[in-house]
Each structure stands twice: as C-alpha cells, then as structure tokens.
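Report on the following structure.
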Amino acid sequence: MKRMFVLVVFYAVWVGGASARLRAAEKPDRAVAITIDDLPAGAANSLPAATITEMTAKLLGTLRDQKVPVVGFVNEKKLYKFGEVDERIKALRMWLDYGFELGNHTFSTHR
C-alpha cells in the first residue's frame with residue numbers, strides 16, 4: 001500500500017512537471033515596436049513648431065516611462081517651414097535625448 005502511494009505521488013509530480021514544461025514551451029515569444037512616420041510634424045505640418053515640440057515632449061516622456069521601444073522616421077521635407085527649422089530640429093533632437101532612434105523616412109518635393 002505504501003509503495004502504491006509513493007508511485008501515485010511520483011506520477012502526479014512527474015505529470016504535473018511535464019504539463020508545466022509543455023505550457024511554458026507553448027508560450028510564444030512576442031515583442032512589439034512602435035514606429036512613427038513623417039517627423040517632426042506628421043500629418044499636422046501646419047502646426048507651429050512650439051506646439052510640435054510640446055507634443056513631442058509629452059509623447060516621448062510617456063513612451064520612455066512605459067519602456068516602449070519606438071523608432072521615429074524623419075521626413076526631411078517637414079523640417080522646412082520658414083522661421084521654424086531650428087525649433088523643428090530641436091523636436092527631432094529630443095528623440096535622441098530621450099534614448100530613442102531616428103531613421104530616414106523620405107525626402108520628397110511631391111505631396
């Protein structure tokens with residue numbers, strides 16, 4: 001009887017351990033990364049540079065605090081708004097200062 005009890009306990013532990021290993025092996029390894037196109041202004045190229053900088057600071061602060069991997073893609077054409085180039089470059093530099101990456105999206109004179 002004692003031997004039967006030991007065998008039952010051993011079997012339960014073995015099956016339970018195997019089941020846990022199978023469940024762990026079934027879990028997919030997932031990762032998410034966010035990309036944001038057409039920096040520094042996105043679709044809202046008509047926004048003043050100061051507003052872009054303010055919005056960028058809020059966005060990047062949240063992404064950094066939440067440890068979200070993100071890459072911003074620069075559309076150089078969006079930099080060239082008379083009297084605002086330096087401020088728009090400042091918004092892009094913030095990406096690097098916050099520890100994120102920038103990539104080249106495109107430069108086009110076409111819309």
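Structure notes:
- Residue-level check: of (1) part of a helix (DSSP H, G or I); (2) modelled with pLDDT of 90 or more, Thr35 misses just (1).
- Residue selected from the stretch 35-58 under the condition hydrophobic (A, V, I, L, M, F, W, C) and open to solvent by 70 Å² or more (accessible area, probe 1.4 Å), by the criterion nearest to Ile89 (Cα to Cα): Met55
The values are calculated or read from the model by the stated rules, or taken from the named source; none is laboratory data. None of the values given here were measured: they were computed from a predicted structure. Just so you know, the surface numbers come from the protein's heavy atoms only, side chains and all, with ligands and any DNA or RNA stripped out. Shrake-Rupley method; radii C 1.70, N 1.55, O 1.52, S 1.80 Å.
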